[in-house]
Amino acid sequence: MNNPQHRTRTLPKLKPYLWIVGVLLILWLGFVWIVQIKAQELNMELRDMNPVMRWGIAAILGPILLIFSVHWWGKAVASEKAGLAAYKANVMAKIAEQQAMQARTYALEIRGVGLGIHHDHQSEIWQVIKKKNDNFASIYSRDPQGLHGLAGLQNDQ
């Protein structure tokens, strides 16, 4: 089930996330830069902008990383469910195949010719075959409640 050759990729593609982060960072840094330019034009004194920029970058990266990790986790769960479903289907197919194989079991009835010392040892078998008038029919009764084997021959006579 955990065959590394057949494992699907659960890691989401990074390119869309990197593009989103890049665009948002450019927009944020552009906004901060424009605010500084406007403050200089209006002769306003700004406090230190470093914490503002750091918190803004953290506010962008944090949710993006959270969304990425949830996406990754969701794909891993979906992949695991798909793997379990495939494994279950495989097991069910093997069980069905085994049951079909068990249904195809055959009994082999061997008839042979042997040498009997007193009377013809297999004459009863040949009498049953002759009585049924079919060389390929079983000498045993098909009735599960009836007598089995050659004992039924004695009742028929």
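Taking residue 75 as the anchor, which lysines have their alpha carbon closer than 19 Å to its alpha carbon, excluding any fewer than eight residues away along the same chain?
List returned: 13, 15.
At a 1.4 Å probe radius, carbon and sulfur cover how many percent of the accessible area of the stretch 25-75?
C and S atoms contribute 72 percent here.
The values are calculated or read from the model by the stated rules, or taken from the named source; none is laboratory data. Because the structure is predicted, anything quoted here is derived from the model rather than measured. Protein only, heavy atoms only, side chains kept; ligands, DNA and RNA dropped before computing areas. Shrake-Rupley method; radii C 1.70, N 1.55, O 1.52, S 1.80 Å.
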